[in-house]
Amino acid sequence: MRRISKALGFVPLLAAFHAASARAQTTVPVSVITRYNGLYFYVDSNSYNVSQQFQWAPGSRHTLSVLSPQYSCGGKYTFTGWSTGGPMMQTVIAPASPITYMANYSIEYGLTLAASPASAGTVTPSTVRPENYYSAGTLLQVTATPAAGYEFAGWTGEYSGAANPLSVQMDGFRSVTAIFHKTGAPTVTVTTNPPGYPVFGDQVQGPGPLSFEWAAGSTHTIGARALIQVTDSSRYIFSSWSDGGPLSHAITTGSSPGIYTANLLAQVKLSITTSPPGGGAVTLSRGSDGWVDQASTVALTAVPAPGFRFAGWSGDSSTQDNPFQLLMDTAHTITANFLPASACSLAFRRPGTSLASFGDTGRIDVAADAQCPWTASSDANWLKLTAASGTGNGAIHYVAEANASGQPRTAHIQLSSGSAYSIIQAAYGCMFQLDTGSTTVAAEGGPFSVIVSGPRNCAWFASAAPDWITMASGEGQSGGSLRFTVAPNFAGPRTGSVVVAGQTLKILQKGPATPVSFTDVTSGHPFFDYIQLLNRHIPNAGCTSASFCPDAPTTRSQMAVWIIQSLLGDSFTFSTAPYFSDVPPSHPQFRYIQKMKDLGITNGCTLSAYCPDDAVTRGQMAAFLMRARLDVPSGQPFPYPASTSFSDVPATDLFFPYIQKLREAGITNGCSAAAYCPAAPTTLGQMAVFVVRTFFTP
């Protein structure tokens with residue numbers, strides 16, 4: 001053990017990492033958010049309406065509560081439950097590890113109906129609901145019925161044309177106004193969307209809609225205001241006329257009634273400051289003049305000045321995400337805080353690893369203070385870094401060439417902080433196999449051993465992480481037994497790993513007593529611990545606030561949410577132009593699926609579709625997970641074991657490389673002793689295991 005520790009440089013690195021961990025454990029980061037941004041919640045009697053991150057001492061008591069229902073951006077939001085369970089108002093005890101409390105809501109959207117003139121007719125929906133709020137996605141038929149002496153002329157507001165009844169999709173707040181004209185009169189209506197703001201026709205000005213009885217063939221001038229200041233923090237700006245004309249322009253009346261609508265765009269104020277003033281700057285994805293379209297999402301990116309690092313946002317949000325996605329439901333004030341860069345603390349999450357001789361593509365996890373910048377470098381030309389910098393917790397991605405030498409070789413990856421990570425690659429022709437890819441350990445821990453099979457005269461080296469796994473025999477020759485000890489566990493379930501030449505043994509250690517998070521996943525369920533761990537890392541992981549549905553198939557949209565949240569959390573930028581015809585911007589998982597495409601994790605189920613509701617097969621799941629973890633876009637080759645791991649996955653199988661890599665990484669043992677079942681659907685319970693082993697196991 002002394003020889004391998006020296007070779008990999010584990011001992012000083014572990015000491016530094018332990019010291020950093022001890023400092024960090026005085027408080028834990030706790031996030032409190034709502035499923036939809038802009039909704040109000042209370043933490044210890046303080047009110048917030050954007051995501052917040054707190055530093056709480058483990059064991060301290062705090063109160064959480066929400067308002068229900070809430071009304072925001074034309075929607076009615078009704079509380080359905082916390083991601084961690086419990087009533088709407090509750091007292092929680094801060095755990096010993098990071099956690100997110102998410103308030104979940106169902107959505108109904110408001111429908112406003114009006115007639116112009118008001119006494120000229122009626123407007124009725126096909127279904128009448130209290131307060132005219134309808135479940136998201138409801139399709140309504142809205143009918144305009146003229147009064148005696150009037151005729152229906154068309155729709156204005158968010159809809160135009162003369163279709164009657166009108167189909168209205170309730171995927172957002174909807175305002176519909178029916179215009180009626182006197183029978184036989186060539187009336188012209190000039191209005192705004194939304195209605196009620198100033199317009200003019202010739203010399204007459206007033207709030208729209210205005211009606212004029214102009215003779216057919218006559219010419220008149222219509223116009224609207226370029227800017228309407230409603231309050232100091234809200235305004236409307238002119239966007240367009242329904243006929244495509246400029247702000248003020250001439251029209252010629254026809255022989256039939258006409259409607260001209262000035263479309264107005266609502267904007268709200270975004271006020272941004274930096275602290276200290278010279279510590280950095282903030283760039284915006286939109287609204288550089290301080291005004292942003294209401295109900296849009298703006299990405300704020302903090303850019304530290306030389307010698308500074310970003311330390312988090314304050315004001316209307318206390319998150320440390322960077323970039324930070326802010327829903328502009330109303331005016332917001334945000335401050336970007338910066339600290340001297342010298343205050344950073346960072347280290348590797350494990351001391352080192354060992355690789356197979358045929359090469360590898362992998363990642364190395366970095367533990368860093370929030371928004372602490374770092375860079376990494378390799379001292380070996382056979383080990384190339386494809387992603388070597390980051391901010392806060394992150395990962396280094398590397399590509400290792402095959403070793404053509406008859407001797408093992410070592411590379412070192414250096415962090416900007418001075419921390420080093422050592423990689424030993426096995427000699428040419430030295431291939432090893434562990435007798436299992438995963439094991440479950442009781443809470444009391446103890447000594448364990450694993451058989452390492454390999455050719456004669458081949459040396460192997462092992463590493464373990466986290467520090468509750470200690471190696472008793474970290475190296476050997478010509479096979480042999482790998483021995484390690486697992487420390488007792490006095491908290492919840494936890495995961496670790498042991499690596500030998502790329503072959504990974506994933507270790508799950510059970511906790512002494514773990515509260516049940518979901519009513520349909522009891523402590524005796526085979527995936528209980530993994531589901532508990534997943535719920536710790538990904539809020540709202542269940543199919544409802546109280547159930548997980550472990551036997552239900554995982555859909556492609558659900559998989560996208562879990563993978564992107566595992567990689568990036570819930571704040572990230574994404575392409576806003578839809579990639580797939582069946583995933584419009586109104587789709588609940590739109591941004592996650594867009595990010596999957598941005599990162600090259602998916603190309604869709606066809607050239608133009610994603611198939612969000614289809615079940616994910618085990619073969620597809622292997623491809624998605626490996627592309628995400630290894631940062632390998634679809635179509636890019638990577639090294640993997642050539643010797644077939646499962647009888648039902650031949651080398652000709654489309655997913656063969658990914659399944660081979662999944663097995664090598666200890667993420668799967670297959671559906672049986674010899675088979676993988678690539679065409680079988682992946683259940684939510686199985687997916688919990690795969691996600692925890694892929695993204696949340698050192």
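Provide the packing ranking of 551-560, 495-504, i.e. peptides ordered by the mean count of other C-beta atoms within 10 Å per residue, highest first.
Top to bottom by mean Cβ count within 10 Å: 495-504, 551-560.
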- Any idea what the dipole of the stretch 31-182 comes to, in debye rounded to 20, about its Cα centre with Lys/Arg Cβ at +1 and Asp/Glu Cβ at -1? 120
- Message: Rounded to whole Å, give me the distance from the Cα center of the stretch 61-127 to that of the stretch 192-227.
- Response: 38
- Query: In degrees from 0 to 90, rounded to the nearest 10, what is the angle of the helix 618-630 Cα long axis to the longest principal axis of the chain?
  - Reply: 80
- Query: Dipole size in debye (nearest 20) for the chain around its Cα centre, Lys and Arg Cβ +1, Asp and Glu Cβ -1?
  - Reply: 1740
- What list do you get for Phe54, Phe338 if you sort them by fewest beta carbons within 10 Å? Phe54, Phe338
- Can you bin the stretch 528-695 into rounded, prolate or oblate? Criterion: square roots of the alpha carbon gyration tensor eigenvalues sorted a ≥ b ≥ c, rounded for a/c under 1.5, prolate for a/b above b/c, oblate for the rest. oblate
- Note on the structure: Taking the chain and counting helices only, DSSP H stretches of n ≥ 4 at -39,500 (n - 2.57) each over all residues, the nearest-500 ellipticity at 222 nm comes to -4000 deg cm²/dmol
- Task: Find which of Ser497, Ile222, Ala144 sits farthest along the positive direction of the dipole of the chain, computed with +1 on the beta-carbon of Lys and Arg, -1 on that of Asp and Glu, about the Cα centre.
- Result: Ser497
- Message: Once you place label points 7 Å from the Cα toward the Cβ at Thr333 and Ser275, how far apart are they in nm?
- Response: 1.1
- Task: Report the relative contact order of the stretch 31-182, percent, no decimals, based on alpha-carbon pairs under 8 angstrom and at least 6 residues apart.
- Result: 20
- Before anything else, pin down the relative contact order of the chain: Cα pairs under 8 Å, at least 6 apart, normalised by residue count, whole percent. 9
- Query: Over what distance in Å are the Cα centres of the stretch 393-434 and the stretch 137-186 separated?
  - Reply: 68
- Task: Using per-residue counts of other Cβ atoms within 10 Å, averaged over each peptide, order 669-676, 218-225, 533-540 from highest down.
- Result: 533-540, 218-225, 669-676
- Message: Just to confirm the number: angle between the C-alpha axis of helix 10-24 and the first principal axis of the chain, 0 to 90 degrees, nearest 10?
- Response: 40
- Note on the structure: Rounded to the nearest 10, the angle in degrees between the Cα long axis of helix 684-695 and the longest principal axis of the Cα atoms of the chain comes to 70
- For each of Ile179, Ile396, Ile237, count neighbouring Cβ atoms within 10 Å of the residue's Cβ, then give the residues from fewest to most. Ile237, Ile396, Ile179
- About its Cα centre, how strong a charge dipole does the stretch 528-695 have in debye, to the nearest 20, once Lys and Arg get +1 and Asp and Glu get -1 at the Cβ? 280
- Task: Grab the Cα-Cα distance for Asp435 and Ser239, subtract it from 0.36 nm times how many residues apart they are, and report the gain in nm with one decimal.
- Result: 63.9 nm
- In nm, to one decimal, how far is the Ser119 label point from the Ser647 one, both placed 7 Å along Cα→Cβ? 8.6
- What ranking of Val66, Val689 emerges when the number of other C-beta atoms within 10 Å of each C-beta is taken as an exposure proxy, fewest first? Val66, Val689
- Note on the structure: Projecting the Cα atoms of Phe624, Ala178, Ser547 onto the charge dipole of the chain, where Lys and Arg contribute +1 and Asp and Glu -1 at Cβ, the residue farthest towards the positive end is Phe624
- Sequence neighbours fewer than 8 away in the same chain don't count; with that in mind, list the aspartates and glutamates whose C-alpha is under 17 Å from Lys595. Asp321, Asp570, Asp582, Asp631
- Item | Ordering of 463-474, 397-408 by packing [mean C-beta count within 10 Å, highest first] | 463-474, 397-408
- Query: Looking at the P(r) of the stretch 31-182, how many percent of alpha-carbon pairs lie beyond 24 Å?
  - Reply: 49
- Neighbour net charge for Gly172 - beta-carbon separation under 13 angstrom, K R +1, D E -1: -2
- For the chain, build the charge dipole from Cβ charges (+1 Lys, Arg; -1 Asp, Glu) around the Cα centre, then report which of Gln558, Ser51, Ala464 sits farthest towards its positive end. Ala464
- Size of the stretch 333-388 as Cα extents on the principal axes (Å, biggest first): 53, 21, 20
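Throughout, read-outs are computed from the coordinates displayed, never taken from laboratory work. Keep in mind it's a predicted model, so treat the numbers as computed, not measured. Here Cβ is always computed from backbone atoms with ideal geometry, including for glycine, and neighbour counts include all displayed protein chains.
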